[in-house]
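The values are calculated or read from the model by the stated rules, or taken from the named source; none is laboratory data. Just so it is clear, the model here is predicted, and its values are computed rather than measured. Cβ coordinates were reconstructed from backbone atoms using ideal geometry, including for glycine residues, and neighbour counts include every protein chain displayed.
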Amino acid sequence: MIKLSTFNYLCAPKVMDCTHKISVTDILSKNSLVTREVASFLISKLKNLPYYTIEVDFSNIDFISRSFADQFHKEKVDLWDSRTKNIIVINAHVDVYSMFKAVSKTQNSSNRDYHSYTLIQFQTRRSLKDYLQSI
Amino acid sequence: MILPIPNRTPNEIGTTIYKLIQLSQIVNNSQDEEIIVDFTNTDFLHCIFISGLFCLIKTWRANGKTVKVIMGDSPISSYFSTIQFENGFDIVRDPELINSLPEYNSKRYTPLVVFPLTGNTREYCVSTVLDVIHNQTNIKGTFKMAVDYMVSELTNNIADHSEAGFGVIFAQTYVNKGYIDISIVDNGIGVFNSYQKSEVFNPKDEAEAIAMAVNGRSTKDLPESRGFGISTSKAIIVKALGGIFLMWSGQTIFIETRESPNILKVDEGASYKGCFLSLRLPLNSQNNFNLYDFIG
C-alpha cells in the first residue's frame, strides 16, 4: 500500500521534486513573530516557491505567538491536505516547537472546560467601593 | 466641568479602578461639553489609572466632548510629557515613531503606545514594545515567554474583535513593590457587542459575554483553535504567577486573583467603551512553572 506522504509527493504537480531549504529570516527580518497576518504572509511566500517539500528554518526565531503558530499550522496543514506543499519546520528553538505542538493539540475548541461565575451586583456605590478596595 | 483628579492613587488595582469608575460616572451623567482635567495638585498616579483615564479621554473626545488637560506645576508633568499623555505615543498617526521606542529602554515604563490594528506595523510595534519591556526589566526564561505570550495574544485579540481604530499598551515596572503592570486597552465595540455580532454565541448580557470570553469561547466561527488568548493569559497570570487579571467592558468588570474570580456589575452610569485589560505580574514568581501546562 502506498503511503500518504508518497501519494502526496507523487501527485504534486508542476513543482520541483527536490527539497528546498529556506530560513524564516530570509523572508522576515525579525526574530519574534506575533500576528496571524505575518503567518499568512510567510505561507504565501512559501507557496510561491517552485518546490513541493520546503524545510523552513526557524533557527533565528526566539519567539512565536500562539496566534502566529495557530495560523501557520492551519495553513501548513491546508497545503498538505490539498497536496500543494509539504512544509517542514526545522531547527526551531524548543519553545517554538512547543508552541506549534500546543496549537496542534488544541484545534478542536469544543473540548474546553467552562467555569461559571456569579455576578455580583451592589445596592450602593459605597458597597461597590468597599468591595473593590478589598481586592 | 472640572474633573476631580485625585492627588494620589494607591497601588491596589480595585481602588484605582473605582477612581476610574467615579470619573466615568461624573462625565456620563453630565451635560457639559467641556471637560477640564486638572493635574495641578496631583503628586502620583498609578499607571493603571493613567492608562484608563487616557482611554476614557479618547472616548470622550470621540463623542464630541472638548477635553482640556492642565498640568500646571504638577510634580508629574515631566513624567506625563515622557509618556505622552496628551495624545499618546501615536504610531497610527506616525509609524516612524516606532524607531524612537528604544529610547525608553533605560526607563521603568513605556509611553502610552497607540498602535495600529492592521498591517505589518502592528507586528513590528508589538515586537518593539516587548523588546523595550525586556530591556527595562531584564526578565528572562519562562517569565519572559509568559509576558511575550500574553501581550501578543491580548493585542491580537483587540485586532480580531474590537473593531476599534487603534489599541493602547502601557507598561510600568515597580521594582520596589515587585511587580509589572501592563494595560492593554481599546475603545471599540466591547465584549458583549462582539459576541452579539458574531452569531456564534448568544450571551444574554455583558456578564455572560465576559464569562464566555474568559472561558475561551471565541466569536470566530472557524474550525481552528481560537479563543485561547484571554483564557490562557488569565490562567498564567493568576495560577502560575499569582498575579491579578482585570477586564472592564461596558458596565461589567471581571477580576481574578488567587483568592477568587468575580464578575461585578458597575451601575450608576459608569461604563467603559471597548475593553480595558489590566495585568499585574509579580516579579518574584519568575520561572517556577511550565508555560505549556497553561496553554496546551
For this session: Among residues belonging to region A:21-62 that are polar (S, T, N, Q) and in contact with a Lys or Arg (Cβ under 8 Å, 6 or more places away or on another chain), point out the one that is nearest to A:Trp80 (Cα to Cα).
Result: A:Thr53
Problem set entry | Sole residue being within 11 Å of chain B (Cβ to nearest Cβ) and modelled with pLDDT under 95, chosen from A:Asn60, A:Asn111 | A:Asn111
Exercise. Which condition does B:Ser152 not pass, out of (1) in contact (Cβ under 8 Å) with a residue 40 or more places away in the chain; (2) crowded, with 19+ Cβ neighbours inside 10 Å, if it passes all the others?
Worked result: (1)
For this session: Considering only region A:77-126, state which residues are charged (D, E, K, R), in a helix (DSSP H, G or I) and more than 19 Å from the chain's Cα centre (by Cα).
Result: A:Arg125, A:Arg126
Problem set entry | Within region B:77-112, tally of residues that are under 18 Å from B:Phe166 (Cβ atoms), away from chain A (no Cβ under 14 Å) and β-branched (Val, Ile, Thr) | 4
Exercise. Quick check: is even one residue across region A:36-57 closer than 30 Å to B:Gly242 by Cβ and facing another protein chain (nearest Cβ under 10 Å)?
Worked result: no
Seminar exercise, completed: Going through region B:1-37 in order, the residues found to be part of a loop (DSSP other than H, G, I, E, B) and among the aromatic types (Phe, Trp, Tyr) are none
Exercise. Does B:Lys107 meet the test of being out of contact with any Lys or Arg (no Cβ under 6 Å at 6 or more places or on another chain), at pLDDT 95 or above and of a type in the set (Lys, Arg)?
Worked result: yes
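Of the residues B:Ile180, B:Ile253, B:Ile184, which single one is farther than 27 Å from A:Ala69 by Cα, aliphatic (A, V, I, L, M), crowded, with 19+ Cβ neighbours inside 10 Å and in contact (Cβ under 8 Å) with a residue 40 or more places away in the chain?
B:Ile253
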Problem set entry | Residue ID - farthest from the other protein chains (Cβ to nearest Cβ), chosen from residues in region B:226-241 that are of a type outside the set (D, E, K, R) and closer than 20 Å to B:Gly141 by Cβ | B:Leu241
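Residue by residue, here is whether (1) at positive phi; (2) touching an Asp or Glu at 6+ places or on another chain (Cβ under 9 Å); (3) outside any loop (DSSP other than H, G, I, E, B) holds:
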position	(1), (2), (3)
B:Leu97	no, yes, yes
B:Thr128	no, no, yes
B:Asp131	no, no, yes
B:Ile139	no, no, no
B:Val147	no, no, yes
B:Ala159	no, yes, yes
Exercise. Residues in region B:132-141 that are within 14 Å of chain A (Cβ to nearest Cβ), surrounded by fewer than 21 Cβ atoms within 10 Å (Cβ to Cβ) and at pLDDT below 95: how many?
Worked result: 2
For this session: Please enumerate the residues belonging to region B:54-80 that are surrounded by fewer than 21 Cβ atoms within 10 Å (Cβ to Cβ), under 18 Å from B:Phe170 (Cβ atoms) and in contact (Cβ under 8 Å) with a residue 40 or more places away in the chain.
Result: B:Thr59, B:Phe80
Exercise. Within region B:3-24, can one find any residue that is more than 14 Å from every other protein chain (Cβ to nearest Cβ) and either of a type in the set (Phe, Trp, Tyr) or in contact with a Pro (Cβ under 6 Å, 6 or more places away or on another chain) (or both)?
Worked result: no
For this session: Would you point out which residue out of A:Lys129, A:Lys30, A:Lys74 is in a loop (DSSP other than H, G, I, E, B), facing chain B (nearest Cβ under 7 Å) and charged (D, E, K, R)?
Result: A:Lys30
Problem set entry | Close pairs from region A:95-107: first without any contact (Cβ under 8 Å) to a residue 24 or more places away in the chain, partner assigned to a helix (DSSP H, G or I) and surrounded by fewer than 18 Cβ atoms within 10 Å (Cβ to Cβ), Cβ under 7 Å, at least 6 apart | A:Ser98/B:Tyr292
